[in-house]
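A.B. asks: I have a structure I would like to understand better, so I am pasting it below and will then ask my questions one at a time.
The values are calculated or read from the model by the stated rules, or taken from the named source; none is laboratory data. In this text, all values refer to a predicted model and were calculated from it rather than measured experimentally. All Cβ positions, even for glycine, are placed from backbone atoms using ideal geometry, and neighbour counts span all protein chains on display.
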Amino acid sequence: MKSKVLTVLCVLFGLMMINAGLNKFLNYMPMPEVSEAMMQVMNGFMAVKWIFPLVALVEIIGGALIAIPKTRALGALVILPVMVGIMVHHLVHDMAGLVIPLVMFAINLWAIAANWDKYAPIVKG
């Protein structure tokens, strides 16, 4: 039962990450209203030309990997740095929007915990 719940959550998580990554390239979703301080942060990201495409690629690849049960262990690790960045961003700049990233981060951590046996040989050395 836990495995089926995790599979459904990881597929939804993966689809959300793929959607976010594709939106960075195709801009098909309107950007919500943001504060002036948030706009300065976004302009800073835009000034460094390679950041958004890199994050978008990691979101697309990690999202696809985590959605597929056979590659979920790799996908959970690939997407983890992006999720940490999203969490820190919301903790520092946008506490009101923390609920969805918190749920997604929990799913990511659950996927890592569920696949810990696959990481054990790397950690043991």
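A.B. asks: Can you tell which of M39, M31 is in a helix (DSSP H, G or I), among the hydrophobic types (A, V, I, L, M, F, W, C), loosely packed, with under 14 Cβ neighbours inside 10 Å and modelled with pLDDT under 95? Lay out the reasoning, then the answer.
C.D. replies: Numbers: M31 fails: in a helix (DSSP H, G or I).
Matching residue, one of M39, M31: M39.
A.B. asks: Among the residues of segment 91-113, is any more than 18 Å from C10 (Cα to Cα), of a type in the set (A, V, I, L, M, F, W, C), surrounded by 14 or more Cβ atoms within 10 Å (Cβ to Cβ) and free of Cβ contacts under 8 Å to residues at least 24 places away in the same chain? Give the derivation first.
C.D. replies: Going through segment 91-113, the residues more than 18 Å from C10 (Cα to Cα) turn out to be 91-98.
Still in the list and also of a type in the set (A, V, I, L, M, F, W, C): 91-92, 95-96, 98.
Subset that is surrounded by 14 or more Cβ atoms within 10 Å (Cβ to Cβ): 98.
Then keep just the ones that are free of Cβ contacts under 8 Å to residues at least 24 places away in the same chain; that gives 98.
Within segment 91-113 (the criterion being more than 18 Å from C10 (Cα to Cα), of a type in the set (A, V, I, L, M, F, W, C), surrounded by 14 or more Cβ atoms within 10 Å (Cβ to Cβ) and free of Cβ contacts under 8 Å to residues at least 24 places away in the same chain), the answer is yes, since at least one residue qualifies.
A.B. asks: So which residues in segment 64-120 are acidic (D, E) and farther than 24 Å from Q40 by Cβ, if there are any at all? Break it down into steps so the answer makes sense when it comes.
C.D. replies: To start, the set of residues in segment 64-120 that are acidic (D, E) comprises 94, 117.
Once the filter is applied, which keeps residues that are acidic (D, E) and farther than 24 Å from Q40 by Cβ, segment 64-120 yields only D117.
A.B. asks: Restricting to segment 5-15, name every residue that is buried (at least 16 other Cβ atoms within 10 Å of the Cβ) and closer than 14 Å to L57 by Cα.
C.D. replies: Scanning segment 5-15 gives a single hit, G14.
A.B. asks: Can you tell me how many residues in segment 67-125 are touching a His at 6+ places or on another chain (Cβ under 8 Å) and at positive phi?
C.D. replies: Looking only at that region, the number is 0.
A.B. asks: Okay, moving on. Select, from G75, G85, the only residue that is among the small types (G, A, S), in contact (Cβ under 8 Å) with a residue 40 or more places away in the chain and either surrounded by fewer than 19 Cβ atoms within 10 Å (Cβ to Cβ) or in a helix (DSSP H, G or I) (or both). Even if it seems obvious, please write down each step before you answer.
C.D. replies: On the way: G85 fails: in contact (Cβ under 8 Å) with a residue 40 or more places away in the chain.
The conditions single out G75.
A.B. asks: Right, here's the next one. If you go through segment 25-75 one residue at a time, how many are small (G, A, S) and within 30 Å of A114 (Cβ to Cβ)? Spell out how you get there, then give the answer.
C.D. replies: Going residue by residue through segment 25-75, those that are small (G, A, S) are 35, 37, 44, 47, 56, 62-64, 67, 73, 75.
Next, from what is left, pick out any that are within 30 Å of A114 (Cβ to Cβ): 56, 62-64, 67, 73, 75.
Qualifying residue count, segment 25-75: 7.
A.B. asks: Restricting to segment 114-125, name every residue that is exposed (fewer than 13 other Cβ atoms within 10 Å of the Cβ) and either modelled with pLDDT of 90 or more or of a type in the set (K, R) (or both).
C.D. replies: Quick first cut of segment 114-125, residues exposed (fewer than 13 other Cβ atoms within 10 Å of the Cβ) only: 116-117, 120-125.
Passing the criteria: W116, D117, A120, P121, K124.
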